[in-house]
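The values are calculated or read from the model by the stated rules, or taken from the named source; none is laboratory data. Predicted, not measured: the structure shown is a model, and the values here were computed from it. When we count neighbours, we look across all protein chains shown, and the Cβ atoms used for this are built from the backbone with ideal geometry, even at glycine.
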Amino acid sequence: ISAWEILAHRDGFPFPDYGGRKMSIIDACPVRDQPRVHDAVRALLKRMNITLLEPKATRTQSICCGDSAWGAIPTPEVKELMKKRAAQMPTAEVVVYCVSCVIAASIGGKKPRYLVDLLFQEETVPPSLDLDAWHARLQEYIDAH
């Protein structure tokens, strides 16, 4: 069970009200085959009064933001994949629940809205737009843990 599933059905959390603001979404690759997570994320967005405009490829049919290609193809080509995926989003603001998707949406010219940030009314700031530096940082974390 994911934290999203628990929180989506929890009473007492002070969900912010975004006044029906329109956003699209990139579903995270690791949960592509988990409709219950997709449902929970959308329930959270509904509880925050966010109007979701789904892209064509969504939920179990979602397409990777492009980051999974890093290391397999040259970085400039990965950035092009990110731009291509971001261009499929029907709104400027894009809900994401994966940190690599934050970076991909930013590289693609969209305004990423990380789900945790939305819940706490924070702006989403990409940790880096340098993919090679970002992946080095991830690897350092993995190696340390």
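Of everything in the stretch 70-84 that is surrounded by fewer than 17 Cβ atoms within 10 Å (Cβ to Cβ) and under 17 Å from the mean Cα position of the chain (by Cα), the residue that is nearest to Asp130 (Cα to Cα) is Lys83. Kindly indicate whether any position in the stretch 45-57 is within 30 Å of Phe15 (Cβ to Cβ), surrounded by 19 or more Cβ atoms within 10 Å (Cβ to Cβ), under 15 Å from the mean Cα position of the chain (by Cα) and not β-branched (Val, Ile, Thr). Yes: the stretch 45-57 contains one or more residues that are within 30 Å of Phe15 (Cβ to Cβ), surrounded by 19 or more Cβ atoms within 10 Å (Cβ to Cβ), under 15 Å from the mean Cα position of the chain (by Cα) and not β-branched (Val, Ile, Thr).
Return yes or no: is Ala105 more than 24 Å from Ala3 (Cβ to Cβ) and small (Gly, Ala, Ser)? When the stated conditions are applied, Ala105 does not pass them. Taking the stretch 11-30 as the range and being among the hydrophobic types (A, V, I, L, M, F, W, C) and within 24 Å of Ser100 (Cα to Cα) as the test, the residues that pass are Met23, Ile25, Ile26, Ala28, Cys29.
The criterion of at least 1 residues that are touching an Asp or Glu at 6+ places or on another chain (Cβ under 7 Å) and of a type in the set (S, T, N, Q) is met by the following helices (runs of 4 or more DSSP H) wholly inside the stretch 43-132: 75-87, 99-107. For first residues located in the stretch 71-85 and without any contact (Cβ under 8 Å) to a residue 60 or more places away in the chain, partners that are surrounded by fewer than 15 Cβ atoms within 10 Å (Cβ to Cβ) and in a helix (DSSP H, G or I) and lie 6+ apart or on another chain with Cβ distances below 8 Å form the pairs Thr75/Asp132. Pairs linking a residue in the stretch 1-18 that is in contact (Cβ under 8 Å) with a residue 24 or more places away in the chain and over 20 Å from Val37 (Cα atoms) to a residue that is surrounded by 13 or more Cβ atoms within 10 Å (Cβ to Cβ) and of a type in the set (Asp, Glu), with Cβ atoms under 7 Å and 6 or more positions apart or on different chains, do not occur.
Restricting attention to the stretch 133-145, which residues are in contact with a strand residue (DSSP E or B) (Cβ under 7 Å, 6 or more places away or on another chain) and in a loop (DSSP other than H, G, I, E, B)? Hits for the stretch 133-145: nothing passes.
Restricting the stretch 1-33 to residues that are part of a loop (DSSP other than H, G, I, E, B) and either under 16 Å from the mean Cα position of the chain (by Cα) or of a type in the set (D, E, K, R) (or both) leaves a set whose member that is surrounded by the most Cβ atoms within 10 Å (Cβ to Cβ) is Asp27. Screening Val99 on (1) farther than 18 Å from Trp4 by Cβ; (2) crowded, with 16+ Cβ neighbours inside 10 Å; (3) at pLDDT below 95 shows it passes everything except condition (1).
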